[in-house]
Amino acid sequence: MNLEHVLVNRDADFVTITMNRPQRRNALSLAHLQELIGAFGAAGDSDASGIILAGAGPVFSAGHDFADVAAADQDGVTLILDTCRQLMELIESVPQPVVARVHGLATAAGCQLVATCDLAVAADTAGFAAPGGKGGWFCHTPMVAIARNIGRKRAAEMAYTGDTITAAQALDWGLVNRVVPAAELDDAVADLLGRATRGSRASKALGKRTLYQQLSLPEVDAYRLATKVMAESSQSAAAREGMAAFLGKRPPKWTD
């Protein structure tokens with residue numbers, strides 16, 4: 001891919017997608033969003049076992065690029081927001097676990113990216129905000145993902161005040177999985193993603209898809225879906241190998 005705003009690097013089984021607009025604080029212009037969609041689509045179709053989302057420069061992502069938004073009419077803004085939604089849905093639909101590597105400030109749609117990734121590791125210097133509440137354009141779409149991570153009362157606090165929360169608060173509130181010193185960030189990301197990608201890739205992909213499907217359902221319907229998928233997948237080659245290895249007290253041999 002010929003990319004202007006995104007860097008893609010493959011290292012062994014992991015693909016790192018880096019937002020590379022440091023001069024714009026990795027703001028999500030329409031072109032940037034489209035390149036991220038292309039990068040995630042290609043990584044999702046590859047044989048990589050995990051994906052890392054990172055940001056270049058001092059900021060993870062400042063959210064939507066106001067230069068784009070201010071110049072657009074309502075249809076143009078709808079296009080930007082729909083494209084952003086497509087990216088968020090893609091991150092959840094690719095078969096690999098996706099980890100956000102959050103080294104700096106993540107605001108508005110940048111915070112939405114963190115909330116959307118399956119997992120997130122933050123440096124202790126990172127910060128998180130939905131600043132629209134203290135301005136004139138409320139963070140409606142970012143709060144869809146953020147609220148589903150942190151719950152109603154904390155989401156309301158973030159959304160209404162627009163205040164930045166620390167990495168420690170983000171950990172306590174459930175927005176990130178780990179907080180580490182900045183010098184340890186890469187090792188912590190690799191460690192978590194390494195553990196999250198163990199086992200059969202096909203089983204993991206099915207597990208990710210079903211996890212998001214059942215989270216949107218009432219509990220009774222979620223159990224029906226999970227029971228159906230779990231029963232069906234018990235007959236798969238991966239499930240059979242895993243059970244045989246456990247019963248035989250031997251390491252499993254995955255074919256995928």
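Take every DSSP beta bridge whose two residues both sit in the chain; close to 25 percent of them are antiparallel. Each other residue within a Cβ distance under 11 Å of Asp163 adds +1 if Lys or Arg and -1 if Asp or Glu, for a net charge of 0.
By its C-alpha gyration tensor, with a ≥ b ≥ c as the square roots of the eigenvalues, how is the range 126-256 shaped: rounded for a/c under 1.5, else prolate for a/b larger than b/c, else oblate? It comes out oblate by the Cα gyration axes. In this structure, Ser236 and Asp186 have a Cβ-Cβ separation that, at R0 = 51 Å, corresponds to a calculated FRET efficiency of about 0.90. The slack between Arg224 and Leu3, meaning 0.36 nm per residue of separation minus the straight C-alpha distance, is 75.3 nm. Per residue, the accessible area of the range 119-212 comes to 51 Å², computed with a 1.4 Å probe over protein heavy atoms only.
Remark: the range 36-149 carries a charge dipole of roughly 400 debye about the Cα centre, counting +1 on each Lys and Arg Cβ and -1 on each Asp and Glu Cβ.
Using Cβ point charges alone (K and R +1, D and E -1), the dipole size of the chain about the Cα centre works out to roughly 840 debye.
Quick one: with all protein chains in place, what share of the accessible area of the chain is carbon or sulfur, to the nearest percent (1.4 Å probe)? Display every interim value, and only then the final one.
Values: 7250 of 13130 Å².
Looking at the chain in its full context, I get 55 percent from C and S.
Specify the longest stretch of the chain that does not include any exposed loop site, a site being one of the trypsin sites (Lys or Arg not before Pro) with a non-H, G, I, E, B DSSP assignment and at most 16 other Cβ atoms within 10 Å. Could you put the intermediate results ahead of the total?
Numbers: sites that count: Arg198, Lys249, Lys253.
Free of exposed loop sites, the longest segment is 1-197.
The GNM of the chain, with springs linking C-alpha atoms under 10 angstrom apart, assigns the highest mean-square fluctuation among Val114, Val98, Val179 to Val179. Over all pairs of different C-alpha atoms, the range 170-239 has a mean inverse distance whose reciprocal, the Kirkwood radius, equals 14.5 Å. Estimated translational diffusion coefficient (Stokes-Einstein, Kirkwood radius over Cα pairs, 10 °C, 1.306 mPa s) of the chain: 83 µm² per second.
Would the range 34-142 count as rounded, prolate or oblate if I go by the C-alpha gyration tensor, calling it rounded below 1.5 in a/c and otherwise prolate when a/b exceeds b/c, oblate otherwise?
oblate
For the pair the range 192-255 / the range 156-177, the C-alpha centres are spaced 31 Å from each other.
The values are calculated or read from the model by the stated rules, or taken from the named source; none is laboratory data. Only a predicted model underlies this, so the values are computations on that prediction, with no experimental measurement involved. With ideal geometry, Cβ positions are generated from the backbone for all residues, glycine too; neighbour counts draw on all protein chains shown. The protein model used for the area step is the full one, side chains on, heavy atoms only, and it has no ligands, DNA or RNA in it. Shrake-Rupley method; radii C 1.70, N 1.55, O 1.52, S 1.80 Å.
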